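Novice: Once you've had a glance at the structure underneath, I'll fire off some questions.
The values are calculated or read from the model by the stated rules, or taken from the named source; none is laboratory data. Small disclaimer: the values here were computed from a predicted structure and weren't measured. We place every Cβ from the backbone using ideal geometry, glycine too, and count neighbours over all the protein chains shown. Each accessible area value is taken on the protein alone, full model and side chains, heavy atoms only, with ligands, DNA and RNA left out. Shrake-Rupley method; radii C 1.70, N 1.55, O 1.52, S 1.80 Å.
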Amino acid sequence: MRATTLGPGGPRVNVVGLGCMGMSWGYDELGRDDRTSIEVINRAIDLGCDLIDTADQYGPFHNERLVGRAIRGRRDEVVLATKGGLVVDGSRKTYRNGRPEHLRAACEASLLRLGVDHVDLYQLHRIDPAVPVEESWGALAELVREGKVGAIGLSEASVEEIRRAQAIHPVASVQSELSLWSREPLGDGVLAHCASSGIAFIAYAPLGRGFLSGRIGSAGDLPEVDGRHRTPRFQPDAIDANQAIVATMRKVADGLAVTVPQLALAWVLAQGEHVVALPGTKTPRYLEENVAAAGVTLPGAALADLANLPAAVGTRY
Ligand SMILES: NC(=O)c1ccc[n+]([C@@H]2O[C@H](COP(=O)([O-])OP(=O)(O)OC[C@H]3O[C@@H](n4cnc5c(N)ncnc54)[C@H](OP(=O)(O)O)[C@@H]3O)[C@@H](O)[C@H]2O)c1
């Protein structure tokens with residue numbers, strides 16, 4: 001698989017990683033199956049998906065413990081990434097906390113849960129509007145100096161915020177949503193800024209939270225207890241309207257003899273050498289399908305068809 005670098009001088013990662021969130025949080029939480037999830041993580045490592053991504057928010061805490069169990073004995077084969085800066089309260093609402101003392105404590109707790117002495121990439125999950133990014137980033141830079149963290153990254157940051165962080169310590173990566181129905185990083189300059197600064201762009205939800213797999217025809221296809229039911233794009237009317245996106249994708253995919261999810265991932269990878277696609281799955285056969293997308297090159301005509309897809313109905317959050 002093709003590889004890229006997490007920031008200037010940072011570790012190399014293959015361009016299809018594995019996002020572990022859905023094994024614990026956000027989607028089918030009642031259907032958690034730790035045994036299969038651990039198998040999926042190990043198979044991903046076998047297949048070369050070396051970027052394994054988690055966060056303290058996911059569960060909270062279940063996902064980091066799960067990933068820690070899965071990679072035991074294989075620590076050196078993975079580029080281990082986690083995140084801090086989001087806190088889930090007793091009623092499962094999420095808040096931002098970018099205060100230096102919180103980030104330090106959160107990182108140390110993540111290391112314990114993961115069972116490791118350092119992570120390769122520690123990401124500020126969201127910038128806290130109540131804390132200057134310089135303060136949060138300075139705290140993360142200190143963790144690098146102490147050897148607890150190999151490199152540091154941002155998530156959902158603007159070009160201005162990335163520049164402010166870069167002035168203090170190198171930014172290894174920016175993790176933001178990028179997919180055929182979420183193209184904001186192309187328009188707001190983040191993708192281009194990352195390319196010109198040698199920053200890896202980690203595209204989260206490259207399958208549109210599952211919708212761009214073409215396998216969600218109605219809200220009834222989602223488990224009853226599934227966070228997507230609360231998001232605008234997964235309201236029944238939006239799901240209906242957005243089938244137009246999938247219909248065009250299916251035509252293009254059929255013409256190339258690839259599957260719809262592979263087309264979605266190949267488009268993300270076509271956005272730049274510095275882009276890593278981070279699909280999430282807890283399903284062995286989906287993992288195999290997604291990894292194979294790394295070998296798909298899209299011809300110009302397909303890219304042109306995909307440039308003309310209708311805009312998504314419903315906002316991301
Ligand atoms: N930085 C952030 O703020 C942020 C936010 C969201 C996510 N993330 C990261 O990004 C990762 C991926 O995002 P995501 O999981 O939300 O969205 P995604 O990768 O776009 O979609 C995941 C969904 O697609 C399904 N799926 C995966 N491969 C498939 C295939 N080949 N065919 C059919 N369905 C398929 C999964 O099903 P199954 O799970 O049932 O297999 C799951 O429901 C997360 O795990 C997390 O690490 C980061």
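Novice: Rg and Dmax in Å for the stretch 1-107, alpha carbons only: what are they?
Specialist: Every Cα atom of the stretch 1-107 included, Rg and Dmax give 14.7, 42 Å.
Novice: Now, a different point. Grab the DSSP H runs of the chain that are 4 residues or longer, score each as -39,500 (n - 2.57), total them, divide by all residues and round the 222 nm result to the nearest 500 deg cm²/dmol. Spell out each step's value before the answer.
Specialist: Working: 11 runs with 120 residues, N = 317.
Result for the chain, helices only: -11500 deg cm²/dmol.
Novice: Right, next: Ignoring ligands, DNA and RNA, what accessible area per residue does the chain give at 1.4 Å, in Å²? Walk me through the numbers on the way to the answer.
Specialist: Details: 12900 Å² over 317 residues.
Ligands and nucleic acids excluded, the figure is 41 Å² per residue.
Novice: Taking all pairs of distinct Cα atoms, average 1/r, flip it, and tell me the Kirkwood hydrodynamic radius of the stretch 62-157 in Å to one decimal place.
Specialist: On the way: mean 1/r = 0.0736 Å⁻¹.
Every distinct Cα pair counted, the radius reaches 13.6 Å.
Novice: Still on this structure: Could you calculate the FRET efficiency of Leu186 with Thr248 from 1/(1 + (r/R0)^6), where r is the beta carbon distance between them and R0 is 22 Å, rounded to 0.05? List each step's numbers first, then the result.
Specialist: Details: r = 18 Å, r/R0 = 0.83.
That pair, Leu186 with Thr248, gives E of 0.75.
Novice: Projected onto the charge dipole of the chain (+1 at Lys/Arg Cβ, -1 at Asp/Glu Cβ, origin at the Cα centre), which of Ala195, Pro261, Ser136 gives the Cα projection farthest towards the positive end?
Specialist: Pro261
Novice: Below 13 angstrom from the Cβ of Phe201, what's the summed charge of the other residues (Lys, Arg +1; Asp, Glu -1)? All intermediate terms of the calculation are to be shown ahead of the outcome.
Specialist: Working: positive: Arg183; negative: Glu156, Glu177, Glu184, Asp188, Glu273.
Around Phe201, the surrounding residues sum to -4.
Novice: Continuing with the same structure: Out of the total accessible area of the chain (probe 1.4 Å, heavy atoms of protein only), what percent is carbon and sulfur? Show your work: numbers first, answer last.
Specialist: Details: 6700 of 12900 Å².
Result for the chain: 52 percent of the exposed heavy-atom area is carbon or sulfur.
Novice: Can I ask one more? Magnitude of the Cβ-charge dipole of the chain, K/R +1 and D/E -1, about the Cα centre, nearest 20 debye? Please report the intermediate quantities before stating the final value.
Specialist: Working: 33 positive and 38 negative charges, 39 e Å.
Here the size comes out at about 180 debye.
Novice: Would you grab the residues whose amide H sits under 5 Å from the one on Ile152? Only those 5+ places off in sequence or on another chain, please, with H modelled 1.01 Å from N.
Specialist: Excluding prolines and chain starts, which carry no amide H, the hits are Tyr122, Ala172.
Novice: Using a Förster radius of 51 Å, what is the FRET efficiency between Asp240 and Ala105 based on their Cβ-Cβ separation? Nearest 0.05, please.
Specialist: Details: r = 45 Å, r/R0 = 0.89.
So the FRET efficiency works out to roughly 0.65.
Novice: Relative to the present Cα-Cα distance, how much length would full extension add between Arg230 and Thr36 at 0.36 nm per residue of separation? Present the calculation step by step, with values, prior to reporting the outcome.
Specialist: Values: separation 194, 0.36 × 194 = 69.84 nm, distance 2.66 nm.
Value of the extension gain: 67.2 nm.
Novice: If the only charges are +1 at each Lys and Arg Cβ and -1 at each Asp and Glu Cβ, what is the size of the charge dipole of the stretch 119-164 around the Cα centre, to the nearest 20 debye?
Specialist: Numbers: 5 positive and 9 negative charges, 20 e Å.
Using Cβ point charges on Lys, Arg, Asp and Glu, the stretch 119-164 gives about 100 debye.
Novice: Once you charge only the Cβ atoms, +1 for Lys and Arg and -1 for Asp and Glu, what is the size of the charge dipole of the stretch 136-262 about its Cα centre, to the nearest 20 debye? Please list the in-between numbers first.
Specialist: Working: 12 positive and 14 negative charges, 46 e Å.
Here the size comes out at about 220 debye.
Novice: Using every Cα-Cα pair within the chain, state what percent have a distance larger than 23 Å.
Specialist: 55 percent
Novice: Taking every DSSP beta bridge that has both residues in the chain, what percent is antiparallel when rounded to the nearest 5?
Specialist: Given both bridge residues lie in the chain, the antiparallel proportion sits at roughly 20 percent.
Novice: If you restrict to DSSP beta bridges whose two residues both lie in the stretch 112-234, what percentage is antiparallel, to the nearest 5?
Specialist: On the way: 1 of 14 bridges.
Antiparallel: roughly 5 percent of the beta bridges in the stretch 112-234.
Novice: Can I ask one more? Given the peptides 14-23, 229-238, arrange them by the average over their residues of other C-beta atoms within 10 Å, most packed first.
Specialist: Working: 14-23: 25.3, 229-238: 14.7.
Sorting 14-23, 229-238 by mean packing, highest first, produces 14-23, 229-238.
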